[in-house]
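> Below you'll find the structure I mean.
The values are calculated or read from the model by the stated rules, or taken from the named source; none is laboratory data. Just so you know, these numbers come straight off a predicted model, no measurement behind them. FYI the Cβ positions are ideal-geometry reconstructions off the backbone, even for glycines, and counts take in every protein chain you see. All accessible areas refer to the heavy atoms of the entire protein, side chains included, with ligands and DNA or RNA removed. Shrake-Rupley method; radii C 1.70, N 1.55, O 1.52, S 1.80 Å.
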Amino acid sequence: MAQMIFVNLPVKDLETSKGFFEKLGFTTNPQFSDDKTACVVLSDTIFVMLLTEPRFKDFTKKDIADASKTTEVILALSADSREKVDQLADAALAAGGFPAGETQDMGFMYGRSFQDPDHHIWEVMWMDPAAVEGQG
């Protein structure tokens, strides 16, 4: 079985956050979702658990970071092409996301970033497979 990752993120408004990711083309797994939690499926092995802040608090004694003021993590996703990077970043901004950083274009690597409605930072990156192979 492939190793999977479940990224848990606190959200202020579950429906807004869920709708944001649905507008990006991702689905929600109802088996692991309820009125306090939504399991967003990014791929066969990557899941984002959107948890209302009170539900998130059930898992930690620490304060929840205000992502509009502090950054605890930057979530990076790979993309199959430069066009896919642009499609996802543009969709995120159109769906109510916020800009986050400048476009990175190094020729062999291209990336853009955005913030979701709760200001968590997401990067979408493409790297030329030939450049990766040449690193051996």
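> Would you be able to say whether some residue in the stretch 70-87 is in a loop (DSSP other than H, G, I, E, B), without any contact (Cβ under 8 Å) to a residue 40 or more places away in the chain and open to solvent by 40 Å² or more (accessible area, probe 1.4 Å)?
So far as the stretch 70-87 goes, yes, one or more of its residues are in a loop (DSSP other than H, G, I, E, B), without any contact (Cβ under 8 Å) to a residue 40 or more places away in the chain and open to solvent by 40 Å² or more (accessible area, probe 1.4 Å).
> Against the definition (surrounded by 13 or more Cβ atoms within 10 Å (Cβ to Cβ), in contact with a helix residue (DSSP H, G or I) (Cβ under 7 Å, 6 or more places away or on another chain) and assigned to a helix (DSSP H, G or I)), how does residue 38 come out, yes or no?
Here the answer is no, as residue 38 does not meet what is asked.
> Tell me the residue from 13, 80, 58, 66 that is of a type in the set (D, E, K, R) and under 30 Å from residue 131 (Cα atoms), please.
80
> Conditions first: (1) buried (at least 19 other Cβ atoms within 10 Å of the Cβ); (2) small (Gly, Ala, Ser); (3) modelled with pLDDT under 95. Residue 101 passes all but one, so which condition is the exception?
(1)
> For residues that are surrounded by fewer than 17 Cβ atoms within 10 Å (Cβ to Cβ) and not hydrophobic (A, V, I, L, M, F, W, C), scanning just the stretch 41-58, find the one that is nearest to residue 78 (Cα to Cα).
It comes out as 43.
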